[in-house]
Amino acid sequence: MRHNETSEGRSVRLLRVGEQVRHILAEVLARGDVHDDTLASHTVSVTEVRMSPDLRHATVFIKSLLGADEEAVLKALRTNTAYLQREVARRVNLKFAAKLKFLADESFDEGSHIDRLLRDPKVARDLDEAPASLDGGDDEE
């Protein structure tokens, strides 16, 4: 960290660079610049890019439309990582080309799983019967 750079300024930079990388990858994939049959036949969303503090590594979270063939899409992205890294390096002004690591974005799956659990009649009943002490009520003072 440079001496005049705060940790807050650094984290804003990480977020800004991550978002820039996300936009570049989304654009490259949407335009079909990667000559790969799997990627050409699937719509892939780049949901988030997390940069390492030194900006040398980027974890790229993806979701294929409707979750279709996600493993095949990940394999295709990993096969074409060198090309994608070159495209990012060419468009982002960094000292080093960031190494890209592709992972499936599980947050949507987790969210819908939690939603299903909360809608379960047994869970709803238990939530309705929760004692005041568990739901944050401070009736006794």
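The numbers here are math on the coordinates, done by the rules we state, and not lab data. Values in this document were obtained by computation on a predicted structure and should not be read as measured data.
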Using Cα positions and a limit of under 30 Å, work out the lysines in reach of residue 95, with same-chain residues fewer than 8 apart set aside. 63, 75
Calculate, in nm to one decimal, what residue 59 and residue 11 gain on full extension: separation in residues at 0.36 nm each, minus their alpha carbon distance. 15.7 nm
Convert each backbone phi in the range 45-58 into a coupling constant with the Karplus relation 6.51 cos²θ - 1.76 cosθ + 1.60 (shift: θ = phi - 60°), then list the ³J(HN,Hα) values in order as whole Hz, x for Gly and Pro. 9, 8, 7, 6, 10, 10, 8, 6, x, 8, 6, 8, 10, 10
